[in-house]
1. How much length would be gained if the chain were fully extended between GLN326 and THR46, taking 0.36 nm per residue of separation minus their Cα-Cα distance, in nm to one decimal?
2. Return a whole-number percent for the relative contact order of the stretch 33-133, with Cα pairs under 8 Å and 6 or more residues apart as the contact set.
3. Mind pulling the per residue volume of the convex hull built on the Cα atoms of the chain? Å³ is fine.
4. Extending each Cα 7 Å along its Cβ direction at GLU309 and ARG235, get the distance between those two points in nm, one decimal.
5. Tell me, what ³J(HN,Hα) does each residue in the stretch 173-189 have, in order and in whole Hz, if you take phi through Karplus 6.51 cos²θ - 1.76 cosθ + 1.60 with θ = phi - 60° and put x for Gly and Pro?
6. Relative contact order for the stretch 3-89 using alpha-carbon pairs under 8 Å, separation at least 6, rounded to a whole percent?
7. Can you give me the distance in nm between label points at ASP133 and ARG88, each placed 7 Å from the Cα along the Cα-to-Cβ direction?
8. Mind ranking 14-21, 100-107 by how tightly packed they are, going by the mean number of other C-beta atoms within 10 angstrom, highest first?
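A short reminder: the numbers here are calculations on the coordinates, not readings from a lab. None of the values given here were measured: they were computed from a predicted structure. Because the Cβ atoms are built from the backbone with ideal geometry, glycine has one as well, and the counts that use them run over all protein chains shown.
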Amino acid sequence: MPAYALLILPAFNRVYGESSVRLTRSELAVFGARALESPVSEVVETVIGGLPYITFETSAPLGEKDVATLSNLSSVYALFGIEDELLRPLPMRPLDRLSSDLITIQKYAGKTNEHFTKLLLNVTVLASDSPLDGRLSVFDPLCGRGTTLNQALMYGYDAFGLDVDGKDFDAYTGFIKTWLKNKRFKHTAETVPVRRERAVIGRRFNVDFAASKQAQKSGDTQHLSVVSADTLRSRDFFKPASFDVIAADAPYGVQHGSRGSSGLSRSPLELLAKAIPGWAALLRPGGAMGISWNTYGGSRDDLAAILTESGLEVQTFPDFEHWVDQAIVRDIMVARKPV
């Protein structure tokens, strides 16, 4: 049977790097089950030439489409065909249509590792009825400074976000405007107040841009919209059944996410129980919602119950649980909205 080897991309974060091989193995299983034409088997973590690899076999040789799909694995650096004891490099063709500094240039305390963000987005899209290379609408209802939004834009998707922290909203919108200007992309950008019954309930930042002059001429533009407001009011800003994918990195026990009468919610499950029904209403039939959360703040069964009660079907996925620090063990759960 044809055999292949994935070279794992080095992670700048040492802790995440220690988990990246195992997480890639789990991610590959999802790709194999939901995105590849050739089933994947005999998936093994190994070391070749002192470097970490994932090796696997397929029932038939990988075609160009499968190689292109695997090019989007969150921690893949290179893909090789194994021929006897030699590795033959295969041409990588990831979806990325923008410069990688859109993802990497922002540095701040508490930023989610961009490899993990890509993993979360990948497995959530693959749980939906939409292809990974489609033109999707992605919503992050806890977007912070936009790591998930930026990854969505990299894939050519339209990105929508919402976050309660006004400072994060200002930091992200300022970054995007500067980045687009420095890249000399043709774009329009505006920040406007959102009113209901004459009262301002939030601010909205809207951007339309084209990745190239040719794209602009053909009308191939991308849209980014970010709202500064409480995530529990998501339905005040977006129409029902607006999004193909919802991907959210829930608070890990620090104070952010939603403002209540007693201040900012510290419990991820408390916040998610209140927010997920509203988020689910924004998801299109056949769409998927992916949530990453700190398991110290709630069990898989607890989160699965919230998703199920909101009319979503929890997907059976491989293990994505991994240690972040003494107070955080992070995991992923994905659920699909039935058609």
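1. Taking 0.36 nm per residue and subtracting the Cα distance, the gain is 98.0 nm.
2. Once divided by the residue count of the stretch 33-133, the mean separation gives 22 percent.
3. 144
4. 1.6
5. Per residue, the Karplus-derived 3J(HN,Hα) values read 5, x, 4, 4, 4, 5, 4, 5, 5, 5, 7, 6, 7, 5, 7, 10, 8 Hz.
6. Relative contact order for the stretch 3-89 comes out at 42 percent.
7. In this crude spin-label approximation the distance works out to 2.1 nm.
8. Most protected by this proxy first, the peptides run 14-21, 100-107.
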